[in-house]
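Structure record follows, encoded as structure tokens.
The values are calculated or read from the model by the stated rules, or taken from the named source; none is laboratory data. All of these numbers come straight from a predicted model, not from anything done at the bench. FYI the Cβ positions are ideal-geometry reconstructions off the backbone, even for glycines, and counts take in every protein chain you see. Accessible surface is based on the protein model in full, side chains and every heavy atom, while ligands, DNA and RNA are left aside. Shrake-Rupley method; radii C 1.70, N 1.55, O 1.52, S 1.80 Å.
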Amino acid sequence: YFLDKSDKYDSRDVERLQQDDKWVENYLIWRHDVVDDTLKMIDESFQWRKEYTVNDLSESVLPKWLFEIGALFLHGYDKEGYKLFWFKVKHHTRDPKQQLDKKKLVAFWLEHYAKRDHGKPLTVVFDMAETGISHIDLDFVRFIVNCFTDYYPNFLTKIVIFEMPWIMNAAFKIVKGWLGPDAISMLKFTNKSDVQEYISGEYLPPHMGGTDSFKYSYPPLVDDDFQTPLCENGPITSEDEHESKEEIDADNKEAGELNEVQNLNQKKMNSVEQISKSEETDKTEVKPKNAKKALTTFKGPLLHISPAEELHFGSKETGEKKCLIVLTNVTKNVVAFKVRTTAPEKYRVKPSNSSCEPGTSLDIIVSLHGGFAASLQDRFLIMAAEMDQSSGAGVPELTQFWKEVPRTKVMEHRLRCHVIESSKPSSLTLKDNAFNIPAKTNEDLHIQLTHLLQINKRLEEQMNHCLWFQQLSVVLSLLSVTVAAFCFYLAYAQRS
């Protein structure tokens with residue numbers, strides 16, 4: 001493909017394909033690991049990306065009125081924690097002259113989210129309330145569907161269609177014809193009585209039976225998730241209701257002694273031999289009580305962030321209350337950072353607004369506040385930007401710095417929450433906890449299971465070899481007995 005059509009691809013996409021294994025994996029998953037189909041999809045999507053100049057789409061190259069009408073935008077999460085991509089059909093009018101710009105708007109939003117959240121899947125919501133035949137635009141609907149089926153691999157979880165008018169039944173029979181069996185199973189036709197099976201009321205507008213007071217407006221772009229900065233000590237109004245002063249002092253002491261414990265832990269690492277290869281490549285970290293060990297690292301241009309994607313909290317039953325985020329400055333300058341969350345009433349973070357010296361690592365403790373429980377919908381945003389050597393690192397300097405730094409120079413990375421469900425503790429789990437050994441995550445178990453399957457496969461091969469040799473030995477033995485018997489027979493015949 002590269003030799004025949006290299007002029008039809010954007011060189012940035014080719015470079016990314018050669019470097020981003022996750023992107024390649026998503027193509028393979030979406031095409032069920034059939035390599036020829038995967039290559040065909042990559043070829044078609046790359047040509048489409050260049051045709052629509054996807055890598056260069058920005059607010060400045062699209063008409064402002066497209067953003068102002070609010071037909072397309074990202075907002076909220078479904079019950080599984082996936083981002084919602086809204087299409088307000090009543091704001092769309094069919095006009096061939098505007099069709100290309102509207103299609104580029106779809107590509108802009110998808111690429112904007114893919115770069116921001118590293119390709120995490122989306123749930124598409126077609127809000128068809130107050131729509132009629134004048135809003136039917138099958139070409140535009142087909143384009144949106146094709147974006148997910150042909151151009152953005154493994155990017156769609158489901159399509160929620162709300163209150164589709166009966167007059168559009170025939171139209172959506174045509175839409176189903178464009179979808180494969182896998183995509184058809186993702187269609188969810190809903191109304192006001194059952195839409196909350198997929199999306200909770202907090203992210204549904206009132207006309208859909210929800211309580212979300214969000215009102216679309218532009219500018220700026222909709223980035224409603226992280227408007228409130230995270231407070232270091234949580235909300236003052238409820239501090240005394242849920243936590244005692246002793247607990248807060250203990251947290252402060254724990255944070256103050258973290259570096260000392262980390263140094264001791266580094267010395268003990270040489271004696272630890274039963275660690276998997278994937279863990280050996282990550283930075284050795286010291287965990288707050290009940291925190292999960294990070295197995296992956298996001299490698300950004302300013303900071304390396306561990307864990308890369310998820311913070312593991314427990315349900316009310318398991319009681320996992322704290323997580324550790326490790327930031328490593330990979331630049332030659334001081335890097336300022338701050339943390340935001342979608343649920344500032346739930347979480348405390350220490351520190352939440354500070355700086356990291358060149359070449360050093362810094363630990364951030366994120367803890368659930370009071371009696372709150374983590375949710376799959378909760379998100380964290382880490383923002384980072386390089387500071388001049390002459391700039392101070394105090395609170396006033398950081399406040400001024402964030403007011404003046406251009407948005408284009410700010411690195412952003414998002415983390416989602418993973419809730420560990422309760423399970424009946426075993427004697428082994430209790431013993432592990434007694435020695436401060438972190439409980440095994442799903443990824444740990446997956447690695448061990450894979451290892452056991454490999455061992456089982458090798459044993460099975462060895463058993464097959466043994467059986468083959470055993471069968472061969474039996475055949476040779478029978479042959480030897482037969483030859484011996486024949487020889488005795490000949491000897492007896494000659495004597496006779």
Can you say whether LYS158 is open to solvent by 20 Å² or more (accessible area, probe 1.4 Å) and at pLDDT 80 or above, as far as the supplied structure shows?
no
Kindly indicate the residue of the stretch 6-38 that is of a type in the set (S, T, N, Q) and surrounded by 15 or more Cβ atoms within 10 Å (Cβ to Cβ) and also nearest to ASP150 (Cα to Cα) among those meeting that condition.
THR38
If we keep only residues of the stretch 320-340 that are farther than 18 Å from ARG414 by Cα and open to solvent by 30 Å² or more (accessible area, probe 1.4 Å), then the residue nearest to the chain's Cα centre (by Cα) is LYS321
Within the stretch 85-92, is there a residue that is aliphatic (A, V, I, L, M) and either in contact (Cβ under 8 Å) with a residue 60 or more places away in the chain or buried (at least 16 other Cβ atoms within 10 Å of the Cβ) (or both)?
yes
Can you find a residue in the stretch 122-137 that is touching a strand residue (DSSP E or B) at 6+ places or on another chain (Cβ under 7 Å), open to solvent by 10 Å² or more (accessible area, probe 1.4 Å) and closer than 30 Å to VAL24 by Cα?
no
One residue is enough: does the stretch 341-352 have a residue meeting the conditions at pLDDT below 85, more than 24 Å from the chain's Cα centre (by Cα), closer than 27 Å to ASP78 by Cα and surrounded by 17 or more Cβ atoms within 10 Å (Cβ to Cβ)?
no
Candidate set: the stretch 93-118, residues that are under 16 Å from PHE148 (Cβ atoms) and surrounded by fewer than 18 Cβ atoms within 10 Å (Cβ to Cβ); chosen: the one nearest to the chain's Cα centre (by Cα):
ALA114
I'd like to check something: does the stretch 43-63 contain any residue that is crowded, with 18+ Cβ neighbours inside 10 Å, touching a strand residue (DSSP E or B) at 6+ places or on another chain (Cβ under 7 Å) and more than 17 Å from ASN146 (Cα to Cα)?
no
Within the stretch 162-197, residues being open to solvent by less than 60 Å² (accessible area, probe 1.4 Å) and either farther than 23 Å from ASN146 by Cβ or at pLDDT 80 or above (or both) number 9
For the stretch 355-362, check the following and say yes or no: at least one residue is in contact with a helix residue (DSSP H, G or I) (Cβ under 6 Å, 6 or more places away or on another chain) and under 19 Å from GLU397 (Cα atoms).
no
